[in-house]
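Reviewing the structure listed below.
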Amino acid sequence: MLDHWHDGYSGMSTILKIDNLRVEYRRRELGQPINVAVNGINLAVETGEVFGFLGPNGAGKTTTMNVLLGFVNPTSGSCALFGVDTRQPIARQRIGFLPELTYYYKFLSAEEILRFYAKIFRIPAGEVESRISEVLKLVELDNVRKRPIKSYSKGMQQRVGLAQALINKPDLLILDEPTSGLDPVGRMKVREIIQRLKEEGKTVFFSSHELGEVETVCDRVGIMCAGQLKEQGAVADLRQRYQCDLERVFLKVIGYQPAHG
Amino acid sequence: MNNALAISTIVIKELSRRKDFYVLFIMTAIITLLMGSVNFFNLQGISKYLKEICLLLIWISSLAIALATTARQIPAERENRTIFPLLAKPVTRWEVVVGKFLGCWFACGLALGLFYLFFGALALTREGQFQLGGVFQAWWLHWSMLAIVVAMTLLGSVVFAAPSSNVTIVFLGVASILLLGRYLHKIAVSMTEPGQTLLSICYFAMPHLEFFDVRDTLIHEWSVPWWACGVASLYACCYTLFFLVATWVVFRRQALN
Amino acid sequence: MNADTYSGQHRPPAAAGWLLALLLAGGFTLATSLQLWFQNWSGNRLNAESLIDVLLGDSRRLFANHFFVEADVYLHAGYYPSIFDQVPARGKLKVAANDAHAEEDEKEHGKAGHEHHDEKDDLPDFMSTPKNWIERFGRNFYPTEHRHMESKKDVAEILPWLAMSAKLDPHRIETITVTAFWLRKHLGRVQEALDLLRVGLRDNPDNVEIMYELGLVYYDGFHDTVRARNLWEAALARWKEHAAKEDNPDRLMLGKILTFLADLEEKDGHPDMVLKYLEILKTTSPFRDTIQHRIDGLRKAQAANEKPSGSLAK
Ligand SMILES: Nc1ncnc2c1ncn2[C@@H]1O[C@H](COP(=O)(O)OP(=O)(O)OP(=O)(O)O)[C@@H](O)[C@H]1O
Ligand SMILES: [Mg+2]
């Protein structure tokens, strides 16, 4: 079914679709107001696009991604990946996901953890080792692949996260702040990886606070604020419309008034 | 099933890299050997008391291992956020529950096997004979019982917030079933009305873990019929399945953050 | 303002100093008073032999009791109906180890001393019929048949429990006497029985049961009638002392002592003493007729002996 979907629409087609999504967090204490993290957003990402998901802290980006991956249930509305409702696990066969804060089984080595995920993706046994070497080389962890993850630095752990997101050669990557915690070179690397994936025709949906980086790699961006999608469109379009760079656009959209002038 | 097995291997790997099991095993061995070296009135060839002590230690250790390892599984995944990359793969929550269960249960079975091997060796050196059938039955029944305990703990771990409260509650439950389960309906008879009905309901609803405790038959060389072992295994299977499904029902719609 | 901040800066250390001093003083008083309280509370436990005894505290007695029961269970090959199974039979099961005692008394002098006899086989061979399928099925997994373990090896298996029980609670008389009984009677370990009873008597001076059992060890194990008689006579004297103070003295014990003393004197040819003991026994024993019968027999023999006594005595 998935193959059919993918092959049939290998041109421009909607790979990620969010319909009227609303997510409420209920407080445990009675009588407290409910907390609306996402308030009715609509979004579609086309195949082959790199989509930057922007917004200030607490805007609801992570929550939206959690719904896309089935961690959190929408209060109303729905999401679909490859046309399959996200509540079904099969929707996650062809995606790679990098969580906001990455922690992995610390007692395993990078190699073991990738082998474990490879098993879950049912990657053929003959292919597993070459695939692991490939992604580890990509994120430059090849030389420490046998060390337990607890001995890694924060940035190295972040790269393990990236490696596991790529192990199944996903068609859609969902990355929650992939460059946080990385050094400038590491960031550059991630940008290169995203660029390369784009060239391979993969779709990338990622959130970030690095507007410069977003500007260089993204085709389109969406700007969220207080649970609502305030603005979306091609980067060039937005720049044109607002007559300024992306950072200014962002500040304007979220309604930030500079203290002086 | 493939996914569940993959998850279970991770659990086993984790347990094999932790120290608790080795500590408990060495403690059991040392205490048993110490007790074995005590001289009672210069009498030779006494062995039953040693078997009793060894089995008691095995039971306590096995419960400790089963509870401590299972209770942490899902909470630790959530706390360390390892559940996110895992569930972002095409894995259902039922597979996570079953995988965690299988991992803990297999690990307990392996550990238990080692304990019973030690017990067998002890009996062999003391009595010059190895009750292969009896020891196997005891191990098998013990392991079947641990399936129920592990599944129960798994359910507790998605219901209760803290693993420590889960361990305490499950341990108290298991201990009281083992000690009192056999007599609950008789105690009920001597009670006044609301208590009587409640206790009777408990008696018929709860998993009778004391079935699986064949220490007395093993020590005193009685035999347990094999058909009874088979029925007991099925009984354990039913309760395990029930607890696993209950775990899944709770865990299925739980928001993870 | 400046002075204020200055003093303000210095106030906390001063306060902390005071607080520390107060805490120290409080802690010290608490420690000394606790020490006193602990001494009061622990009583003679402070001079307990081993640290373990102090640490285990009163749970020792609980465990001692448990181990004694365990020994009894072993004697029945693991069969042990709980209080919930056999409410009436339970008290009797506990003395099952003593049943054998009664048995012995019976064998040795089949006349009196078998007050225990009636209880001996009150224990049902099977448990009551199960009430439901859980109970019925559950019986496959534990011993449910009443079986007596009488072989030397089986008896030896109970001794570790008895030894541990005696070790944990040296004032548990029953443990000591029962252990000595099995050692002497079934395992032929008279020396070990003697050692155990001596330690027991040291821990429980003037204890009638231990003296009686010690007498038995000398009499039966070492064939030392002199010591046996001394011990039993001492036991009799102690019994009388205790009986004067107690409401409900142990007449069973008295009966046993008197029976053995009477037997001893009969063997040594002191009919007067025999008669004296039997007369006391008659007042306490439920088997008055049997004893009266024996007394009459003795009197008759004495009367018959009286006439040719001059020729026989010399
Ligand atoms: N488990 C939760 N319970 C209650 N409220 C929550 C929970 N998780 C998130 N929220 C709330 O939902 C809103 C959106 O949070 P979210 O994590 O999606 O923000 P974000 O856009 O990812 O922010 P950041 O840039 O800091 O990562 C916030 O107001 C947050 O307080
Ligand atoms: Mg976030």
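The values are calculated or read from the model by the stated rules, or taken from the named source; none is laboratory data. Since the structure is predicted, the reported quantities are computational estimates derived from the model, not experimental observations. Cβ atoms come from the backbone with ideal geometry, glycine included; neighbour counts cover every protein chain shown. Accessible surface areas use protein heavy atoms only, side chains included; no ligands, DNA or RNA. Shrake-Rupley method; radii C 1.70, N 1.55, O 1.52, S 1.80 Å.
For the charge dipole of region C:165-208, defined by +1 on Lys and Arg C-beta atoms and -1 on Asp and Glu C-beta atoms about the Cα centroid, which residue among C:P170, C:G188, C:L201 has the Cα displaced farthest towards the positive pole? With unit charges placed on the Cβ atoms, the residue in question is C:G188. For chain B, the fraction of 1.4 Å probe accessible surface lying on carbon and sulfur atoms is 73 percent.
The alpha carbons of region C:233-307 stretch over 45, 25, 15 Å along the principal axes, in descending order. A simple spin-label model places the labels of C:D250 and B:I31 3.4 nm from each other, with each point 7 Å out along Cα-to-Cβ.
For region A:27-153, with all protein chains in place and a probe radius of 1.4 Å, 50% of the accessible heavy-atom surface sits on carbon or sulfur. Taking all protein chains into account, the per residue accessible area for region C:233-307 stands at 58 Å² (1.4 Å probe). Calculated accessible area for region B:2-252 comes out at 40 Å² per residue, all protein chains present (probe 1.4 Å; ligands, DNA, RNA ignored). Calculated on C-alpha atoms, the gyration radius of region B:90-234 divided by its Kirkwood radius gives an Rg/Rh of 1.03. In region C:193-239, comparing the full protein assembly with the chain on its own, no residue loses 40 Å² or more of accessible surface at a 1.4 Å probe.
Using the heavy atoms of the protein chains alone and a 1.4 angstrom probe, what is the accessible area of chain A per residue in square angstrom?
46 Å²
Solvent-accessible surface, computed for protein heavy atoms with a probe of 1.4 Å, shrinks by 10 Å² or more for the following residues of region A:118-150 when the other protein chains are added to the isolated chain: A:K119, A:I120, A:F121, A:R122.
Which pairs in the list B:K186/C:K185; A:K146/B:K100; A:K17/A:K146 are over 29 Å apart, alpha-carbon to alpha-carbon? From B:K186/C:K185; A:K146/B:K100; A:K17/A:K146, over 29 Å: B:K186/C:K185; A:K17/A:K146.
About its Cα centre, how strong a charge dipole does chain B have in debye, to the nearest 20, once Lys and Arg get +1 and Asp and Glu get -1 at the Cβ? The partial results should precede the final answer.
On the way: 18 positive and 12 negative charges, 147 e Å.
Taking the Cα centre of chain B as origin, the dipole is about 700 debye.
Placing R0 at 25 angstrom, the Cβ-Cβ distance between A:N73 and B:V250 gives a FRET efficiency of 0.95 after rounding to 0.05.
Label 7 Å along Cα→Cβ of B:S223; region B:131-146 residues with amide nitrogen under 20 Å? Correct set: B:131-142.
Quote the Stokes-Einstein diffusion coefficient, in whole µm² s⁻¹, for region C:155-278, based on the Kirkwood radius over alpha carbon pairs, a temperature of 4 °C and a viscosity of 1.567 mPa s. Show your work: numbers first, answer last.
Details: Rh = 14.9 Å.
Estimated via Stokes-Einstein, D reaches 87 µm²/s.
Structure remark: mean-square fluctuation, Gaussian network model of chain B, C-alpha springs under 10 Å; the largest value among B:E95, B:E77, B:E210 belongs to B:E77.
From the Kirkwood radius over Cα pairs of chain A, Stokes-Einstein at 20 °C and 1.002 mPa s returns a whole-number translational diffusion coefficient of 111 µm²/s. Using a 1.4 angstrom probe on protein heavy atoms only, the contact between C and B buries about 3300 square angstrom of accessible area, both sides summed.
Between A:K146 and B:F204, the modelled label-to-label distance comes to 6.2 nm, taking each label 7 Å out from Cα in the direction of the beta carbon.
Which is farthest toward the positive dipole end of region A:117-261 among A:G212, A:Y117, A:V249, measuring Cα position about the Cα centre, with Cβ charges +1 (Lys, Arg) and -1 (Asp, Glu)? Most positive-ward Cα: A:Y117. Could you tell me the distance between the Cα centroids of region A:27-103 and region B:184-244, to the nearest Å? Answer, in whole Å: 47. Stokes-Einstein diffusion of region B:2-252 at 25 °C, 0.890 mPa s viscosity, Kirkwood radius from Cα pairs, rounded to a whole number: 126 µm²/s. For region B:1-34, a drop of 30 Å² or more in accessible area on going from the chain alone to the assembled protein chains (1.4 Å probe) is found at B:N2, B:N3, B:A6, B:I10, B:K13, B:E14, B:R17. Accessible area buried by the pairing of B and A, both sides summed with a 1.4 Å probe, works out to roughly 2700 Å².
Which value, in debye to the nearest 20, gives the size of the charge dipole of chain A about its Cα centre, when Lys and Arg are +1 and Asp and Glu are -1 at the Cβ? Kindly include the intermediate steps, with their values, before the conclusion.
Numbers: 34 positive and 31 negative charges, 153 e Å.
The calculation lands at about 740 debye.
Considering only B:F41, B:F118, B:F171, give the residue with the highest GNM mean-square fluctuation for chain B, with springs between Cα atoms whenever their separation is below 10 Å. With Cα springs under 10 Å in chain B, the top fluctuation among B:F41, B:F118, B:F171 is at B:F41. The listed residues A:E247, A:E24 rank as A:E247, A:E24 when sorted by accessible area, largest first, using a 1.4 Å probe.
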